[in-house]
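See structure below.
The values are calculated or read from the model by the stated rules, or taken from the named source; none is laboratory data. Since this is a predicted model, take the numbers as computed values, not measurements. Reconstructed Cβ throughout: ideal geometry from the backbone, glycine too, with neighbour counts over all protein chains shown.
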Amino acid sequence: MKADAGTILTLAGYFAVLSLFTIGGGNSAVPEMHRFSVEVQHWLTDRQFADTFALAQLTPGPNLIIVTLIGYHVAGIAGALVTTLAMCGPTGLFAFFVGRASDRFQGSAWHTALSRGLVPVTLGLTASSAAVIVTTLDFSWVAAVVTLATALTAYFVRIHPLWAFAAAALLGAAGLM
Amino acid sequence: MTSLSPSPQPPAPSATIVPSPVSPAPRRPSLAELFITFATISLSGFGGVLAWSRRMMVEERRWLTAEQFNETYALCSFLPGGNILNFAVIFGQRLRGPLGSLVAIAGLMGPPMLLIMMIGAIYAHYGDLPVLRRMLTGVASAAAGLMMATVAKMARPLFRNRAVTGPLVAIATFVAIGIMQWPLPLVLAVIVPVSIAAAWVRL
């Protein structure tokens with residue numbers, strides 16, 4: 001948890017690059033964050049990563065707030081700030097300049113090809129995030145049933161995520177996980 | 001949660017009224033209003049911030065028409081980075097220039113950052129309590145289930161389409177990232193150009 005300059009630099013560099021490869025929203029970068037912070041850097045254990053993900057889900061705000069918590073875990077408040085800035089800065093600048101020019105290419109052919117081409121990639125990335133989270137959790141039949149039951153419920157009816165989280169947390173508190 | 005891709009419209013009863021097609025905001029919101037609006041969107045947004053940003057921007061503040069919102073959001077969802085972050089940058093810039101972007105981002109990220117750092121501090125102390133661990137396992141399991149539902153909803157139109165490239169790209173991405181756990185930049189460097197080229201050919 002003690003922050004040294006090298007760790008802060010690694011956080012800054014890694015998340016700045018990762019932000020540019022984050023397509024389709026914050027959750028699609030979860031597998032890559034897991035690969036780097038658990039497998040490569042050993043900053044967190046599998047269990048801590050799963051906890052971090054769960055805590056980020058419980059916090060209101062953009063999904064990519066998870067990077068703040070990873071940074072905090074690795075290097076305290078300095079780590080949290082640096083990581084969040086790195087995740088928002090480069091893409092923010094990019095969006096700023098594209099946003100200024102965007103009127104010119106609304107509805108152009110490459111614009112359509114780009115957005116259509118990214119849909120299946122986002123789909124594969126989201127599926128990967130679900131798979132990575134499931135595999136980082138200690139396996140239990142109750143957890144597997146909760147995952148499947150939530151998936152089926154959310155597919156067929158619109159539920160507020162907080163209800164699903166509250167029900168699952170209660171099952172956990174009752175000692176079933 | 002489901003901030004990925006244009007998800008189904010949020011339940012917006014009053015959106016159907018659409019009083020007039022006239023530009024909704026002759027008055028330029030102040031920097032303070034920008035900050036407060038994005039902070040409100042952020043702190044209300046549990047199930048993805050998209051639904052809340054639409055409600056604030058289109059229905060409550062009337063800063064954008066429904067069409068303007070859709071266009072801006074479509075642009076944001078194919079730019080890299082968080083969709084809602086890009087939205088804050090572009091919207092802030094249109095209203096108040098560079099300072100507007102900064103203020104909108106600060107409103108969006110500041111409050112949840114403070115919150116999650118407090119949560120992180122609590123977790124650092126009590127993270128090993130068995131009951132807390134079990135509750136978090138429950139939450140993560142449910143969150144994974146919600147993501148699976150999102151995947152199924154996104155997959156429906158894609159797999160119904162006659163073109164096979166969409167499903168192939170989705171499956172290849174899943175195998176490379178979800179199963180093989182290869183580095184994201186390498187995988188995207190190969191798969192994104194292929195997928196865009198396939199979409200281009202089919203235009």
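Quick look at the values:
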read-out: Residue selected from segment A:146-177 under the condition more than 10 Å from B:Gly145 (Cβ to Cβ) and β-branched (Val, Ile, Thr), by the criterion surrounded by the fewest Cβ atoms within 10 Å (Cβ to Cβ); value: A:Val157
read-out: Filter result (farther than 14 Å from A:Ser129 by Cα and touching a residue at least 40 places away in the same chain (Cβ under 8 Å)) within segment A:18-45; value: A:Leu18, A:Ser19, A:Leu20, A:Val38
read-out: Some residue of segment B:145-157 being at pLDDT below 95 and on the phi > 0 side of the Ramachandran plot; value: no
read-out: Check on B:Ala176, surrounded by 15 or more Cβ atoms within 10 Å (Cβ to Cβ) and outside the structural domain of B:Phe78 (by TED's automatic domain parsing); value: yes
read-out: Subset tally (residues that are of a type in the set (S, T, N, Q) and either assigned to a helix (DSSP H, G or I) or in contact with a strand residue (DSSP E or B) (Cβ under 7 Å, 6 or more places away or on another chain) (or both)) for segment A:138-150; value: 2
read-out: Some residue of segment A:118-137 being more than 7 Å from every other protein chain (Cβ to nearest Cβ) and either part of a helix (DSSP H, G or I) or in contact with a Phe, Trp or Tyr (Cβ under 7 Å, 6 or more places away or on another chain) (or both); value: yes
read-out: Enumeration of residues in segment B:123-153 that are among the charged types (D, E, K, R) and assigned to a helix (DSSP H, G or I); value: B:Arg133, B:Arg134, B:Lys153
read-out: Output for segment A:127-145, where each listed residue is among the β-branched types (Val, Ile, Thr) and either more than 22 Å from B:Phe46 (Cα to Cα) or surrounded by fewer than 24 Cβ atoms within 10 Å (Cβ to Cβ) (or both); value: A:Val134, A:Thr135, A:Thr136, A:Val142, A:Val145
read-out: Matching entry among A:Phe165, A:Phe96, A:Phe105 (being at pLDDT 90 or above and out of contact with any Ser or Thr (no Cβ under 7 Å at 6 or more places or on another chain)); value: A:Phe165
read-out: Residue selected from segment B:180-190 under the condition outside any loop (DSSP other than H, G, I, E, B) and more than 7 Å from chain A (Cβ to nearest Cβ), by the criterion surrounded by the most Cβ atoms within 10 Å (Cβ to Cβ); value: B:Val187
read-out: Candidates B:Arg62, B:Arg96, filtered to the one that is modelled with pLDDT under 90 and out of contact with any Cys (no Cβ under 6 Å at 6 or more places or on another chain); value: B:Arg62
read-out: Residue in segment B:131-153 that is surrounded by fewer than 23 Cβ atoms within 10 Å (Cβ to Cβ), within 25 Å of A:Phe15 (Cα to Cα), free of Cβ contacts under 8 Å to residues at least 60 places away in the same chain and not β-branched (Val, Ile, Thr) present; value: no
read-out: Scope segment B:87-101; condition basic (Lys, Arg) and more than 8 Å from chain A (Cβ to nearest Cβ); matching residues; value: B:Arg96
read-out: Condition broken by B:Gly120, with the remaining ones in (1) more than 18 Å from the chain's Cα centre (by Cα); (2) buried (at least 21 other Cβ atoms within 10 Å of the Cβ); (3) outside any helix (DSSP H, G or I) satisfied; value: (3)
